[in-house]
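Every number in this text was worked out from the coordinates using simple rules, so none of it is lab data. Please read all numbers here as calculations on a predicted model, not as lab measurements. Neighbour counts run over all protein chains shown; Cβ positions are idealised from the backbone, glycine included.
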Amino acid sequence: MDNVMLARSLFGSSMAFHIIFATLGVGIPFMIVIAEILYQVKKDKDYATLAKRWTKGLAILLGVAIPSGTLVGVMLSLLWPGFMEIVGQVIALPFQIEIWAFFLEALFMSIYVYAADRLPPTLRILSVIFVAIGSSMSAVLITDAHAWMNTPSGFRMENGRVFDVHPWAAVFNPSLPTTAMHVLLSAYMTGAFAVASVAAYKLLKRGSSERERSYHQKSLFLGLLIGGIISLMTALSGHETAQMLHEHQPEKLAAAEGLFETQAYAPLAIGGVSDKETRSIKGAIEIPWALSFLAGNRFDTVVKGLNDFPEDQWPPLIIHTLFNVMVGIGTLLILASAFTIGLRLLTKRPYPRWLLAGPLSMIGIETGWVFSCTGRQPWTIYHMQTTASAATKAQHLGSLFVLFLGLYVFLLIVTAVVMYYYFKRHPVTFDGVEGVNGEGRSL
Amino acid sequence: MSDTQLAITILWCFIFIYSIAGSIDFGAGFWSMVFSRRNPHAADIANRFLSPSWEVTNVFLVLLVVALVGFFPRAAYVLGTLLLVPVSLVLVLLLFRSAFIVYSYSVQKHELALRIVSGVTGLLIPGLLVSVLPISLGGFIHMSQGFPQLEFGKLLTSATLYAHVGFGILTELFLSALFLSDYGREAGDEQVSQHYRSIAVVLGPLALAMAVLATFTMVPEALWIVARMQEQSLWFLLSVVAFAIGYDALWIRRKNGRKGWLRLSVVAVILQFALASYAYGRAHMPYIVHPDLTVEAGFTNHSMFVSLLWGYGFGTVILLPAFILFWWLFLKDKRYLRTK
C-alpha cells in the first residue's frame, strides 16, 4: 500500500471504531432524557431505574468514546496535514465551538453521575439535558466539517493558496442542514434501537420474574416506539440528502445509484453491481422513473450519469452497494418496529425477536458514513483538494496501522466483556431509587 | 499586541492550564495505583478527585490541538508530520488509560490489574508529551524530499530526551502529590494529607534539579535556547523565589497545629510554573519549531482569527457558570469530599 492508502486505512479504521461509541454517546443521552422526563410525569420508578442503568452503560461507553474522539481529532492533524492546513484557515470554527459543546457534555455528565443525589430534581434533569445537548451539538458541529468537505464554501483557492475567507459562510455551507439532520436522527435511532435490543435480549431469557419482565417490556416498548418514529424521520431526511447530492455532488449520486447514462425518467436500481467495463449495472432490480422522482420530485427530472464525468474523478463504484445496504437497513428497521408495535397493540404480547435492531442500525451508520466519505473520492475537499495531496508524507504508517487496528479489536472485546460482567453482577433491583449513582461505588 | 502575539499568548494559556490540570490528573491516577493496597485511604482521595474530573481535563487536551490548528494552521502542518509517532503513542496510551480507568471501576474482579494499566500509562503520557519540547528546539529534524522528518535514532540516544522525560514525570508526580495533600485536608483526612505532603517534600527539589539538568543536556543545535533563556534570567529567578515560598510553606504550622500551609504552597508552585513557562516561552519566540517555523509563518488569516477570538470569548462566558458549579460540587462541597 502506498502512503495515501495507508493513511486512509488508518484513519478509516479509527473512525469506524470511534463512530460506534460516538453514535451511542449521542443516542443514549437522548433516551436518558426521555426516561427521566417519563419518570417525573408518570411517577413510575421503573423509568428512573432505566435512566440509572443506561447512564451506567453510557459511562462505560464514554470511557472509550472520549479518548477515541480525542484520538481521531489529533489524528486528523497527524495524517492529513495538507487538509488541516486549509481547515485551519477556513473551517476552524465548528471545531472550536465543538470544544465548548464537549465541555458542556463532560462537565454535566460528571455532575449528573456524581452529584445527582445532592441536586434538586429540576437541576438533575437539567444536567442530563445539558449532556444530551452537548453531545448532539458535538455531532452537528463535526458533521459541519464533513458537510463542508462535500460542499466547500466561504473561500477561494488559487495556486494552492487560500483567499477571501468568510468563516461563517464556510460554517453554513449548503449541505449542512440536510447532513446534520440525517446524522443526528440516525444517532437517536441507533440509541433507541440499542436499548430496545438489550431489553429484547433480556426478555428472551427464561425464568425471569413477572416484575422483571414488565420492566424490560417498558424499555423495549420505549426503544421501539422512539426508534420506529425516528427511523421514519431518518428516511425522510435521507431523501433530502439524496436531493442535496443531486444538486451539489451529482457524480456521487450517480455512483450511488449505479447510473451511467444522463437521462430524464431515470430508473432506480436496487441491488446489482456497477460494471466499469460495459458502463452499466448488472443484476439490479430497476424501478422505472423512480430515481428521477426521488432526485427532483418530478418524473422528468434529468439525473446526471457517470458518463458525464471524467473517469479518473469517479467515486469507487462499490458505493452503490454501500448505499443499498444503508437504505435497506433503514427500511427494514422502519418495518420491523412498526410490525412489532402493531403486534403488541393487537395481541398485547411483544415479540422480542427484533433484538438485532441495535446492531443493524450500527451497520447502517457505518455503511452510511463509509458511503459518504468514499463517495467523495478522489477528493478530500470536493473539487478543491485531492486526498493524495492532503495526506502526510511521514514514514512508519504501516506499523502504526497494525498497532492501532490491534488496539481497536482489543478494546472492542474488552468493552463488551466489561459491559456484560457489570450488568450481570448488578442485576436490576426494584427496592427504591437512590440517586443515579446509588450502586455503592463511585465510578 | 499584534495578532500573532495575541494568538500565541492564548495558546500559551491553554498549554499552561493543560500542563497543570493534566499533571494533577495523570499523577492522581498513578498514586491511586500505587496506594490501592498499601494505603487505601490515600488511593480513595485520589480517585475521588479523578472520577469526575478526568473527562473535563481530557477536553483541555483537545482544546490545545484545536487552538493550534485554528490559530497556526501551517504550524499544524509541520508538527503533524514531525510528531506522528510520539503523538500516536500518546494517543494509544490515552485510549488505554481512560478505558481502563472506567473498566476498573466497573469490574471489581480484576480491579488491580486494570488500575495498574491506567496508572502506568498515566505516568508515561506526560513523559512523552514533554518530549515535544526537545524536538521543537531543533537538532532532531532533517529534510527529506522537501518534507521535515524526525530522526528517531538520534532522538532516542540523546541524553536531553531522557532529562526532559524525567523532568515531565517528576513534575507530574510532585504537582499531583502537592495538590492531593491539599485536597486531602479539604476532605478532612489529615493522615492522607500528611502522607501526600511528605511525598511532595521529597519530589519538589528533584523536579527542580531535573529542570536544570534538562537545560544543560541540550544538543549543540538547541544551545540557542540556553543563551536566550539567560536573557530571561529575571523571570526564572522569580520562578525560583515562588518555588522557595511554596516549598517553605510545607513547613508552616497552621493555627490548629496542622503542619504545612498547603493552599499557599499549591498556589505558589502553580505561580512558579507560570513564571518559568512564560520565561521559557519568551526565549522560544518567535520559533514554534527551530529554525524553520516561526509564529508569523504559521499564522492563520485575519478574518478567521477575529472569528476565533469571538468564539473563545463567548464560549468562556457561557460556560463559566458550569465550571464554577463543577468546582463547587467536587472541590468544595463537604458532602462529596467527606463521604466514606
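One-quarter of the Cα convex hull surface for the stretch B:152-232, in nm²? Please list the in-between numbers first.
Working: hull surface 26.7 nm².
Projected over every direction and averaged, the Cα hull of the stretch B:152-232 covers 6.7 nm².
Place a point 7 Å from Cα of A:Met157 in the direction of its Cβ. Which residues in the stretch A:382-399 have their backbone N less than 11 Å from it?
A:382-390
What's the exposure ranking of B:Met1, B:Met285, A:Met149, A:Met181, going from fewest to most Cβ atoms within 10 Å?
Sorted ascending by nearby Cβ count, the order is B:Met1, B:Met285, A:Met181, A:Met149.
Quick one: length gained pulling A:Glu261 to A:Phe339 fully straight, 0.36 nm per residue minus the C-alpha distance?
So the chain would gain 24.2 nm between A:Glu261 and A:Phe339.
Just how large is the dipole of chain B about the Cα centre, in debye to the nearest 20, putting +1 at every Lys and Arg Cβ and -1 at every Asp and Glu Cβ? Write out the running numbers ahead of the final one.
Details: 23 positive and 17 negative charges, 285 e Å.
Its charge dipole is roughly 1360 debye.
Find the centroid of the Cα atoms in the stretch B:249-295 and in the stretch A:200-243, then give the distance between the two in whole Å.
54
In nm, to one decimal, how far is the modelled label at A:His166 from the one at B:Ala113, with both set 7 Å along Cα→Cβ?
Taking the simple label geometry, A:His166 and B:Ala113 are separated by 5.9 nm.
Among the complete DSSP H segments of chain B, which ones combine at least 30 Å of alpha-carbon extent along their axis with a mean Kyte-Doolittle hydropathy of -1.0 or more?
B:3-38, B:40-71, B:84-106, B:159-186, B:190-216, B:262-284, B:302-327
Give me the Debye-computed log₁₀ of I(q)/I(0) at q = 0.06, 0.08, 0.10 Å⁻¹ for the protein assembly as shown, equal point scatterers on Cα only, no solvent, two decimals.
Here the Debye-derived log intensity ratios amount to -0.40, -0.71, -1.10.
With a sphere of radius 11 Å drawn around the Cβ of B:Phe30, what net charge do the other residues whose Cβ falls strictly inside it have (Lys, Arg +1; Asp, Glu -1)?
In short, 0.
How big is the charge dipole of the stretch B:106-229 about its Cα centre, in debye rounded to the nearest 20, if each Lys and Arg gets +1 on its Cβ and each Asp and Glu gets -1 on its Cβ?
It comes to approximately 200 debye.
Order these by the 10 Å Cβ neighbour count, fewest first: A:Lys252, B:Lys259, A:Lys218, A:Lys282.
Numbers: A:Lys252 24, B:Lys259 15, A:Lys218 19, A:Lys282 12.
Lowest to highest Cβ neighbour count: A:Lys282, B:Lys259, A:Lys218, A:Lys252.
What is the Cα coordinate range of chain A on the first, second and third principal axes, sorted by size from largest, in whole angstrom?
Dimensions of chain A along the principal axes of its Cα atoms: 68, 48, 39 Å.
What area, in nm² and to one decimal, does the C-alpha convex hull of the stretch B:208-340 cast on average over all directions?
Result: 12.9 nm².
Specify whether the C-alpha gyration tensor of the stretch A:243-399 places it in the rounded, prolate or oblate class, a ≥ b ≥ c being the square roots of the eigenvalues: rounded for a/c under 1.5, otherwise prolate if a/b is larger than b/c and oblate if not. Kindly include the intermediate steps, with their values, before the conclusion.
Details: a/c = 2.53, a/b = 1.37, b/c = 1.85.
Since a/c reaches 1.5 but b/c is at least a/b, the shape of the stretch A:243-399 is classed as oblate.
Using every alpha carbon pair in the stretch A:4-163, what percent of pairs falls into each 5 Å bin from 0 up to the bin containing the largest distance?
2, 8, 16, 19, 16, 12, 9, 7, 5, 3, 2, 1, 0
Roughly how many nanometres apart are two label points built 7 Å out from the Cα toward the Cβ at B:Asp292 and A:Phe410?
3.3
Tell me which residues come under 5 Å, amide H to amide H, from B:Leu293 once H is placed; ignore anything under 5 positions away on its chain.
Under 5 Å from the amide H of B:Leu293: B:Ile288.
R0 = 45 Å: FRET efficiency of A:Leu403 with A:Leu356, Cβ-based, nearest 0.05?
E(calc), rounded to 0.05, equals 0.90.
Please give me the summed charge of the neighbours of A:Ala139: other residues whose Cβ is under 15 Å from its Cβ, Lys and Arg +1, Asp and Glu -1.
Details: positive: none; negative: A:Glu98, A:Glu105, A:Asp144.
Spelling it out: positives minus negatives among the neighbours equals -3.
Mean 1/r over all different Cα pairs, inverted: what Kirkwood radius does chain B give, in Å?
21.2
Provide the net charge surrounding B:Pro291, with neighbours chosen by a C-beta distance below 13 Å and charges set as Lys +1, Arg +1, Asp -1, Glu -1.
So the surrounding residues net to -1.
Convert 37 °C to kelvin, take the viscosity as 0.692 mPa s, use the Kirkwood radius over C-alpha pairs of the stretch B:1-60 as Rh, and evaluate the Stokes-Einstein diffusion coefficient in µm²/s, rounded to a whole number.
Values: Rh = 12.9 Å.
Roughly 254 µm²/s, to the nearest whole number.
Among the GluC sites (Glu not before Pro) within the stretch B:166-240, which fall in a DSSP loop and have no more than 10 other Cβ atoms within 10 Å of their own Cβ? Please report the intermediate quantities before stating the final value.
On the way: sites: B:Glu172, B:Glu186, B:Glu190, B:Glu221, B:Glu231; in loops: none.
Here no GluC sites (Glu not before Pro) fit, given the DSSP loop and packing criteria.
Testing the spin-label approximation: label points 7 Å from Cα along Cα→Cβ at B:Ile17 and A:Ser208. State their distance in nm.
It works out to 4.4 nm between the two label points.
Using the beta-carbon distance between B:Met1 and A:Asp275 and R0 = 60 Å, what value does 1/(1 + (r/R0)^6) give for FRET efficiency, to the nearest 0.05?
Using R0 = 60 Å, I get an efficiency of 0.45.
Within chain A, which whole H helices from DSSP have a Cα span along their axis of at least 20 Å and a mean Kyte-Doolittle hydropathy of 1.0 or more, if any?
Helices meeting the span and hydropathy rule in chain A are A:3-42, A:92-114, A:121-150, A:176-204, A:319-347, A:397-425.
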